[in-house]
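Okay, structure first, notes after.
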Amino acid sequence: MKHQAHETEFEDEEPQIKPLTPEEAQAWRQRQPRMSMWRVLAAQVVVGALCAVVAALVAGREAGWSAAYGALAIVVPAVLFARGVARNSGRAGYASGAIARLFAWEFVKLVLCIAMLAAAPVLVPNLHWLALLAGMVVTMKTYWLVLVTGRASVRKTD
């Protein structure tokens, strides 16, 4: 009996999530910055190149190439993902399969990244795994920097 009373207690509570009205949704869209995925990818390329240069200066040429390959192992699959998701994204007939396409391209991106990492010892002479990992992580986390700088520019204009 006590268990049922506990369940009805939760049923009487007001839902925590309320849907937005069309006006509220429009106002939210106007407050949010429009972020181009190509801007994020360009930033990843620049940061990956800088990481490779720093690795080369600190640990030598082989470390620089390893860091560059690590950055490429993130950027190349991300470009393929962005291209695949962006293609036909504006057409109404394709909306029904949008989530399935998103997951499919994410799977392709993941497989390509793993394949590139598996090929690294063959493709990069005198591979430095630590530099490769540093190039990957720094490049992968670049989107946070782009998001923060994008928000800052939007806030200044409000």
(request) Please tell me the relative contact order of segment 38-157 in percent, rounded to the nearest whole number, where contacts are Cα pairs under 8 Å and at least six residues apart. (result) 42
(request) Mind listing the long-range amide H neighbours of His128? Cut-off is under 5 Å, sequence gap 5 or more, other chains count too, H placed in the peptide plane at 1.01 Å from N. (result) Ser66
(request) Could you please rank Cys51, Cys113, placing first whichever residue has the fewest other Cβ atoms within 10 Å of its Cβ? (result) Cys113, Cys51
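Rule-based calculations on the coordinates, nothing more; no lab input. What you see is a predicted model; the values in this text were computed from it and never measured. All Cβ positions, glycine included, derive from the backbone under ideal geometry; neighbour counts span all protein chains shown.
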